[in-house]
1. Rounded, prolate or oblate for the stretch 73-114? Axes are the square roots of the Cα gyration tensor eigenvalues, ordered a ≥ b ≥ c, and the cut-off for rounded is a/c under 1.5.
2. For the stretch 1-62 and the stretch 101-151, what is the centre-to-centre distance using only Cα atoms, to the nearest Å?
3. State the number of lysine pairs found in the chain whose Cα atoms come within less than 30 Å, restricting to pairs 8 or more positions apart or on distinct chains.
4. Please give the peptides 129-140, 77-88 ranked by average Cβ packing (other Cβ atoms within 10 Å per residue), highest first, as a rough proxy for protection.
5. Amide H to amide H, which residues 5 or more places from Lys26 or on other chains are under 5 Å from it, using H placed in the peptide plane?
6. Restricting attention to the stretch 1-102, which GluC sites (Glu not before Pro) occupy a DSSP loop and are surrounded by at most 16 other Cβ atoms within 10 Å?
7. Taking the Cα centre of the stretch 1-144 as origin and charging only Cβ (+1 Lys, Arg; -1 Asp, Glu), how large is the dipole, in debye to the nearest 20?
8. 5 Å is the cut-off here: which amide hydrogens, built 1.01 Å from N in the peptide plane, fall below it relative to Leu106, excluding neighbours closer than 5 in sequence?
Amino acid sequence: METLRAEVRDRNQPKSERKRLRREGKVPGVVYGKQRPNTPIAVETKTLHAILQRNPHGVYEMDVPGQGKFPVMIREVQRDALSQNLLHVDFHQIDLDEPVRTAVALEFTGESPAVRAGGVLTVFLDEVEVRCLPRHLPSSITVDISGMQMGDSVTAGDLQLPPEVELVTEPDVPLATILEPQRAAEKDEEPAADGAE
C-alpha cells in the first residue's frame, strides 16, 4: 500500500493561508472517518496529481504527524472550474475489514476485427461501481473488445470480475459499442432517397 504523507493544518486557517499552501505546491484537504475527528491536512500537489492519474479510487496509507498511519480513500476532489487546478481534497479513513463501495476504471484492450474494418468504438462509461473488501479492490477492470463485431455492445454485466468483487452498476448498462463508419451509413441511405423521388 502506497504511503501518502500529510501535514496537519490549523482548523481555523484563513483563506489566505490556503492560497499560500497552493502556491507552495500543496493542496489543502480534510481526513475524516468513524475512528477519528475531522482533521484539516495538506498534501503535496505533485503526489496527489500522480495518484489521481494512476488510480484515483485506490486505497492508500496516510501518514499524519501525531496520528500515525491509517488506510484512506479519496472521497471528493475540488478543482478550479477554469484552470482545473486542485483546490481541495477529502479523504475518508476506511476499515480494511469492512467492504467499500467505489468506482473502478475500465481498461479497453484487444483489437476488434470490426474496428480494423473501419468500425468506430464508442465508449459510454470509463468506470463502473463495485463493492468489496479494500484488499480485493482492483486498480482497473479489463474489457476485451477483440471478439466484438459491427453493431455489438458490451454491458456492465458482461464484465469478468474476480469472485470477491460485487458489481454495483446495473448489469444492463452499456459500456461500449462498435458502430458502422458514418460514410458507409450515409451511402446506404442514398439509394433509398433516390428511389423515393
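The values are calculated or read from the model by the stated rules, or taken from the named source; none is laboratory data. In this text the structure is predicted, and so the values were computed from the model without any measurement. Positions of Cβ are backbone-derived with ideal geometry, glycine not excepted, and every protein chain shown enters the neighbour counts. Calculation scope for accessible area: heavy atoms of the full protein, side chains included, ligands and nucleic acids excluded. Shrake-Rupley method; radii C 1.70, N 1.55, O 1.52, S 1.80 Å.
1. Values: a/c = 5.15, a/b = 1.25, b/c = 4.11.
Cα axes put the stretch 73-114 in the oblate bin.
2. Taking the Cα centre of each part, the stretch 1-62 and the stretch 101-151 sit 31 Å apart.
3. Within the chain, the lysine pair count is 13.
4. Details: 129-140: 16.7, 77-88: 11.7.
Result, highest mean first: 129-140, 77-88.
5. Under 5 Å from the amide H of Lys26: Thr45.
6. Numbers: sites: Glu2, Glu7, Glu17, Glu24, Glu44, Glu61, Glu76; in loops: Glu2, Glu24.
Sites meeting the loop and neighbour criteria: Glu2, Glu24.
7. Numbers: 21 positive and 20 negative charges, 149 e Å.
That gives the stretch 1-144 a dipole magnitude of about 720 debye.
8. Here the answer is Glu127, Val128, Ile141, since their amide H atoms fall under 5 Å of that of Leu106.
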